[in-house]
1. Taking DSSP loops as anything outside H, G, I, E and B, show the longest stretch in chain B free of trypsin sites (Lys or Arg not before Pro) there with at most 16 other beta carbons within 10 Å.
2. Mind jotting down the three principal axis lengths of region B:84-195 based on Cα atoms? Whole angstrom, largest first.
3. Could you give me the radius of gyration and the Dmax of the protein assembly as shown, taking only the C-alpha atoms into account and expressing both in angstrom?
4. Show me, for region A:132-142, the HN-Hα J-couplings you get by feeding each phi into the Karplus relation (A = 6.51, B = -1.76, C = 1.60, θ = phi - 60°), rounded to Hz, glycine and proline as x.
5. Sort B:24, A:8 so that the residue with the fewest other Cβ atoms within 10 Å of its own Cβ comes first and the one with the most comes last.
6. Just to confirm the filter: which GluC sites (Glu not before Pro) across region B:75-146 are DSSP coil and have at most 14 other Cβ within 10 angstrom of their Cβ?
7. Starting from a label point 7 Å past Cα on the Cβ side, list the distances from residue A:58 to the same position in the other copies, nm, shortest first.
8. Do the alpha carbons of any pairs in A:192/B:192; B:4/B:65; A:144/A:194; B:144/B:194; A:49/A:95; A:65/B:174 sit beyond 18 Å of each other, and which pairs?
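FYI, it's all coordinate maths here, none of it is from the lab. Every value quoted in this text rests on a predicted model; they were computed, and no experiment measured them. No Cβ is skipped: glycine too gets one built from the backbone with ideal geometry, and neighbour counts run over all protein chains shown.
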Number of protein chains: 2
Amino acid sequence: MAKKKTKERIIEAADDLFYRNGFEHTSFHDIAAAVGLSRGNFYYHFKTKDDILDAVIDLRMARTKSLLNQWQDEGQTPMERIGCFVHILIVNMAKIKLYGCPLGTLSNELAKLEHSHQSRAKQLFILFQDWLSQQFRALDCGEKSEEFALHILGRSQGAATLATVFQDEALIRKEVDMMLHWAAQVVEKTQKEKV
Amino acid sequence: MAKKKTKERIIEAADDLFYRNGFEHTSFHDIAAAVGLSRGNFYYHFKTKDDILDAVIDLRMARTKSLLNQWQDEGQTPMERIGCFVHILIVNMAKIKLYGCPLGTLSNELAKLEHSHQSRAKQLFILFQDWLSQQFRALDCGEKSEEFALHILGRSQGAATLATVFQDEALIRKEVDMMLHWAAQVVEKTQKEKV
DNA sequence: GTCTATAAAGTGATAGAC
DNA sequence: GTCTATCACTTTATAGAC
């Protein structure tokens, strides 16, 4: 594998710092220090802080797409794939307890800053929503698939906030179970109504 | 009514700005300008930014307690009172779409700042949790009351984040209906099990 | 209680040497 | 591509006059 380009290393460091410390709280100095660069050199790669945010969102979009493709192969059934999504709460529990959901906390921060990139952050949500819709559609949920997908997204966001506030792993596991139970129940009910 | 003290006006302005623009993004200058004071005078009332945050959380605690007492009188039955809580999503919809939930977004921001006041922000959640627990307990939910309360809290947080990201009022109304439906269902089920 | 002035540090951003 | 030096600005915070 070739050595990683400086630009790539900057983006990955910024992604990590934006998540852990927040976008505004992260300074050029912080990112430069994390990569081991001077601030001056930094400006060779990115002209403004918003440019870095742009690149970080691009990175997150690409990683999300790759993750969704992975789940698409991993899960044998659509319901198992929905399970893959819900289980990120458990897989990433340690980080979520400390820093919340990367999508939700970024969107909330950008909203308060009235930042122009809010719509780009929303696109990350839509990637998940479309993929979840696709799973529900495969389970014969038809036109209700989109709203089911949004509901699961919302429940995950709520569980992530609870995790950060209450630091209670058992609570999150319970929320995960309830989400999966809800999905199974609602799919079954929708399928019955069709017959 | 007596003229409001300067200190009180500062706290209320800070509360509003912390909510709308975030804690870190709000400077002493912003608060001073909102109240119509000089920055110098500001330091007569508060020595550090954390002192202001402390006072703002005190204010939110007091306002929350007063709101819960109001709901306690307003709702005829415990289930109606739970309805009062869930309906803040609709009552405060316009603000939530722009700035999210005041509790959740503050907790998420303080987490990323590794701020010492995280535990104080959690206390705000616990006020709601205890009050909701009390309602479920009055509905004979016994030892399950606490987890029911936490679940409703989590769902509200998730719905608030969805509101900010998707700006879709119909979606939030649907989430509110689903929450109330869930509460009614779970209370009925718990009561049946008792018999 | 309120103000101005100012310190001390940090911010995003630029220019230019190597 | 990487560096140092520097600019203009903002931040929290203090001192002292009125």
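1. B:48-195
2. 49, 36, 18
3. Considering the protein assembly as shown through its Cα atoms, Rg and Dmax are 22.3, 73 Å.
4. 5, 4, 4, 5, 5, 5, 5, 9, 6, 8, x
5. Working: B:24 19, A:8 13.
In increasing order of surrounding Cβ atoms, one gets A:8, B:24.
6. B:114
7. Between copies, matching label points for residue A:58 lie 5.0 nm apart.
8. Distance filter (> 18 Å) returns A:192/B:192; B:4/B:65; A:49/A:95; A:65/B:174.
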